[in-house]
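All remarks here apply to the structure that follows.
The values are calculated or read from the model by the stated rules, or taken from the named source; none is laboratory data. Treat the numbers as computed from the prediction; the structure is a model and nothing was measured. All Cβ positions, even for glycine, are placed from backbone atoms using ideal geometry, and neighbour counts span all protein chains on display. Ligands, DNA and RNA are excluded from the accessible area calculation, which covers all protein heavy atoms including side chains. Shrake-Rupley method; radii C 1.70, N 1.55, O 1.52, S 1.80 Å.
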Amino acid sequence: MDIRALKIDGAFEITPRQFPDGRGVFLESFRGDRLAEATGHRLDIIQTNVSVSSRGTVRGVHYADVPPSQAKYVTAVAGSFIDFVIDIRVGSPTFGLWDSVLLDTIDRRAIYLAEGLGHAICALADDSTVMYLCSTAYNPAREHAINPLDPEIGLTLPDGITPVLSAKDAAAPALNEAAAAGALPRYDECLRLYSELAAGA
């Protein structure tokens, strides 16, 4: 598989090698050893999530308190998504910037997001299904959201998409509001966590 660093430090695009034949296709969708070479530590998978979305559904921007936060390895198992990673780490040189990866069942790419990063997806087709491998279990007391339509972030949705948000995501604060409230991860805390994870590898 090919692992490419995105423009947000701590985020990677993973493109597997596929082996098609008359029966179908085979691929390695996750290689912990290869990912560890890029991230500096093994991803300890504690929970997996599956989310099914109709076209236009936007989920996010979601993040969790650091520490321990939650690293994610995300791939599509049906349909297609635009997957966004947003740097919400206060003090980061790329704070407020984002990158994206197309997740579908053609190239079967995945995206890895380190702890402390913001995450959002936009479904491009009905019944699109995404699977998350997560480093920690869901803890609602430590989970937060930023409005994905915040113009300061400026996520670019595909033409023809009318975004559909949950009531929680629609009511979420803008990036600058969350920063002013002290609700965002700090870059120095994230770097400390990454170092601890690497030391334990």
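Just a few scattered comments:
- ARG34 farther than 29 Å from GLY200 by Cα, surrounded by fewer than 20 Cβ atoms within 10 Å (Cβ to Cβ) and either aromatic (Phe, Trp, Tyr) or touching a strand residue (DSSP E or B) at 6+ places or on another chain (Cβ under 8 Å) (or both): no
For (1) without any contact (Cβ under 8 Å) to a residue 24 or more places away in the chain; (2) part of a loop (DSSP other than H, G, I, E, B); (3) not aromatic (Phe, Trp, Tyr), each residue gets a yes or a no:
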site: HIS144; (1), (2), (3): no, no, yes
site: PRO151; (1), (2), (3): yes, yes, yes
site: LEU155; (1), (2), (3): no, yes, yes
site: ASP169; (1), (2), (3): no, no, yes
site: ASN176; (1), (2), (3): no, no, yes
site: ALA183; (1), (2), (3): no, yes, yes
site: ARG192; (1), (2), (3): yes, no, yes
site: SER195; (1), (2), (3): yes, no, yes
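- Selected residue (only one of GLY96, GLY116, GLY160, GLY182 is out of contact with any Pro (no Cβ under 7 Å at 6 or more places or on another chain), of a type outside the set (S, T, N, Q) and open to solvent by less than 20 Å² (accessible area, probe 1.4 Å)): GLY96
- Any hit, segment 122-133, residues being modelled with pLDDT of 95 or more, within 24 Å of PRO185 (Cα to Cα), of a type in the set (Val, Ile, Thr) and not in a loop (DSSP other than H, G, I, E, B): no
- Selection count where residues are of a type in the set (A, V, I, L, M, F, W, C), open to solvent by less than 10 Å² (accessible area, probe 1.4 Å) and farther than 15 Å from PRO185 by Cβ, scope segment 77-93: 2
- Flag if ILE121 is of a type outside the set (Asp, Glu), touching a strand residue (DSSP E or B) at 6+ places or on another chain (Cβ under 9 Å) and either within 17 Å of VAL90 (Cβ to Cβ) or crowded, with 18+ Cβ neighbours inside 10 Å (or both): yes
- Unmet requirement for ASP104, which otherwise passes all of (1) over 15 Å from the mean Cα position of the chain (by Cα); (2) surrounded by fewer than 20 Cβ atoms within 10 Å (Cβ to Cβ): (1)
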